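Chemist: Quick one: the structure is below, and I'll ask about it shortly.
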Amino acid sequence: MKAIRTAIPDLIIIEPKVFGDDRGFFFESFNRRMFAELIGRDLDFVQDNHSRSVKNVLRGLHYQIQHTQGKLVRVIQGAVLDVAVDIRRSSKTFGKHVALELSAENRRMLWIPEGFAHGFVVLSESAEFLYKTTDYWYQEHECCIKWDDPTLAIDWGLQTSPAISAKDEQGKSMNDAELFS
């Protein structure tokens, strides 16, 4: 596995070493010891999530202030534009975001530590998205920042309005949202 630092150093792209031949391919999608070496922390992942969405579905920007979650995300079918926003007020990169394509083809993963809001939009006809989390999901603690908040100015690359959930429609502006210290 290889770690690639992004413009926000705490967000790390993980590229697995892929072994392939005419029969197909093999790679370790997760190795706890190697992952700890790459990010500099040993973590326990407690929950795996799997979602399937169709083209133009946008999910996010989600986070939990209580029961904060670090997330290791990847796509196993299709492609998404994945976005992580730094919502740690004490950070030098507060309010900044990283957006990158994750796909079944590029096999990249993104490590998103606690203190970030996360979302994605589906670029392909459909996409299956997997993520490991360092704490459990608690509906009562979930927070959402509106995907189109003008202060964030995220270029989602959309040609039309995205399909979003009623819950995400109720997301708060960055200025009104509860954020990390």
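Read-outs throughout are calculated quantities, based only on the coordinates presented, and are distinct from any laboratory measurement. Everything numeric in this text was worked out from a predicted model, so none of it was measured. FYI the Cβ positions are ideal-geometry reconstructions off the backbone, even for glycines, and counts take in every protein chain you see.
Chemist: So, in nm, how far is label R33 from label W156 when the simple model puts each one 7 Å beyond its Cα toward the Cβ?
Modeler: 4.3 nm
Chemist: Could you give me the ³J(HN,Hα) list for region 93-102, computed from phi with Karplus coefficients 6.51, -1.76, 1.60 and θ = phi - 60°, whole Hz, x at Gly and Pro?
Modeler: For region 93-102, the Karplus curve yields 10, 3, x, 8, 9, 10, 10, 8, 7, 10 Hz.
Chemist: Let me ask you something else. Which whole-number percentage describes the relative contact order of region 85-149, with Cα contacts under 8 Å and a sequence gap of 6 or more? Provide the component values of the computation, followed by the final result.
Modeler: Numbers: 31 pairs, mean separation 18.0, N = 65.
Dividing the mean separation by the residue count of region 85-149 yields 28 percent.
Chemist: So which lysines pass the test for K96, namely a Cα distance under 22 Å, with those fewer than 8 places away in the same chain ruled out?
Modeler: Correct list for K96: K71, K146, K172.
Chemist: Show which aspartates and glutamates lie in cross-link reach of K55 when reach means a straight Cα distance below 20 angstrom and same-chain residues fewer than eight apart are skipped.
Modeler: D82, E101, E105, E125, E128, D148, D155, D168, E169
Chemist: Continuing with this model, one more query. Pull out the extension gain between I76 and D48, defined as 0.36 nm times the separation in residues minus the alpha carbon to alpha carbon distance; nm, one decimal. Could the numbers behind the result be given before it?
Modeler: Details: separation 28, 0.36 × 28 = 10.08 nm, distance 1.36 nm.
Taking 0.36 nm per residue and subtracting the Cα distance, the gain is 8.7 nm.
Chemist: Using 7 Å Cα-to-Cβ label points, what is the S124/K92 separation (nm, one decimal)?
Modeler: Placing both labels 7 Å beyond Cα along the Cβ direction yields 3.7 nm.
Chemist: Moving on. Candidates [x] 15.9, 54; [y] 28.2, 85; [z] 16.2, 49; which is the computed Rg and Dmax of the Cα atoms in Å?
Modeler: [x]
Chemist: Sort out for me the Cα centre separation of region 135-170 from region 1-67, rounded to whole Å.
Modeler: Value for the Cα centre distance between the two parts: 21 Å.
Chemist: How about region 83-139: which chymotrypsin sites (Phe, Trp or Tyr not before Pro) there lie in a loop by DSSP and see at most 11 other Cβ atoms within 10 Å? Show your work: numbers first, answer last.
Modeler: On the way: sites: F94, W111, F116, F120, F129, Y131, Y136, W137, Y138; in loops: F94, Y136, W137, Y138.
Here the chymotrypsin sites (Phe, Trp or Tyr not before Pro) that fit, given the DSSP loop and packing criteria, are Y136, Y138.
Chemist: Hey, what did region 2-169 get for relative contact order, percent, Cα under 8 Å, at least 6 apart?
Modeler: On the way: 366 pairs, mean separation 51.7, N = 168.
It rounds to 31 percent for region 2-169.
Chemist: For the chain, with only Lys/Arg (+1) and Asp/Glu (-1) charged at the beta-carbon, what is the dipole magnitude about the Cα centre, in debye rounded to 20?
Modeler: Result for the chain is approximately 360 debye, rounded to the nearest 20.
Chemist: Could you give me the ³J(HN,Hα) list for region 143-157, computed from phi with Karplus coefficients 6.51, -1.76, 1.60 and θ = phi - 60°, whole Hz, x at Gly and Pro?
Modeler: Once θ is set to phi - 60°, the couplings for region 143-157 become 10, 8, 9, 4, 4, 9, 4, x, 5, 7, 6, 7, 8, 7, x Hz.
Chemist: Can you give the alpha-carbon Rg of region 4-45 over 2.2 N^0.38 Å, where N counts its residues?
Modeler: Numbers: Rg = 12.9 Å, N = 42, 2.2 N^0.38 = 9.1 Å.
Relative to the rule-of-thumb radius for its length, region 4-45 sits at 1.42.
Chemist: Can you work out the Karplus-derived ³J(HN,Hα) for every residue in region 54-66? Use 6.51 cos²θ - 1.76 cosθ + 1.60 with θ = phi - 60°, whole Hz, and x for glycine or proline.
Modeler: Once rounded to whole Hz, the list reads 9, 3, 6, 6, 10, 10, x, 9, 9, 5, 10, 6, 8.
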